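Trainee: Next up is a structure, given as structure tokens.
Readers should treat all values here as calculations from the given coordinates under stated rules, not as data from a laboratory. Since the structure is predicted, the reported quantities are computational estimates derived from the model, not experimental observations. Please note: Cβ atoms are built from the backbone with ideal geometry, for glycine as well, and neighbour counts cover all protein chains shown.
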Amino acid sequence: MPRKVEGPSPVVLGAMFVALIALTGWAFSASSSQTALPSGVRANPADVYDPVVAGEDLPEGFRQLLPRDGISPIYEPTFVRAFESPWPAGTEVIGVEINGEAKAYPVSFLGGRELVVDDVGGEPILVSW
């Protein structure tokens, strides 16, 4: 005879729901130490908090292979139209479309640089791989 499988009790489900709501609120709340920049304004890297310079210890078991900023981002990428591209058909890309403007970033190229700081459709973006 099959055994009836019971799920979590209503009390447990309620507690999980309350915890989920609280965590969501915490995750999307603005920290009092953060100041949002207007759209299109880039932060000066010298003004950004650096935990290494601040003397914070690395977490237990964390091993840092590269120094901070060991791989420099691409700040001014150049683009060509798809039919002019030297990349073969079927090349994997990270594609972004904002406000009617579309750009593609080849994954094989991002493997070496990992970060691209760009503007798409008038909005600043960071492409990461």
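Trainee: Using 1/(1 + (r/R0)^6) with R0 = 25 angstrom and r between the beta carbons of W26 and V48, what's the FRET efficiency to the nearest 0.05? Could the numbers behind the result be given before it?
Mentor: Working: r = 22 Å, r/R0 = 0.89.
Result of the calculation: an efficiency of 0.65.
Trainee: For E123, what charge total do you get from the other residues with a beta carbon under 13 Å from its beta carbon, if Lys and Arg give +1 and Asp and Glu give -1? All intermediate terms of the calculation are to be shown ahead of the outcome.
Mentor: Values: positive: R42, K103; negative: E97, E101, D118, D119.
After counting each charged neighbour, the total is -2.
Trainee: Would you look at the GNM of the chain, springs on alpha carbons closer than 10 Å, and say which of P77, P38, P106 moves the most?
Mentor: Maximum fluctuation in the GNM of the chain, among the listed residues, is at P38.
Trainee: Considering all projection directions equally, how large on average is the shadow of the alpha-carbon convex hull of region 25-129, in square nanometres?
Mentor: Numbers: hull surface 39.9 nm².
Answer in nm², one decimal: 10.0.
Trainee: Shifting gears a bit: Order of 90-97, 79-86 by packing, highest average Cβ count within 10 Å first?
Mentor: Details: 90-97: 12.1, 79-86: 8.8.
Highest mean packing first, the order is 90-97, 79-86.
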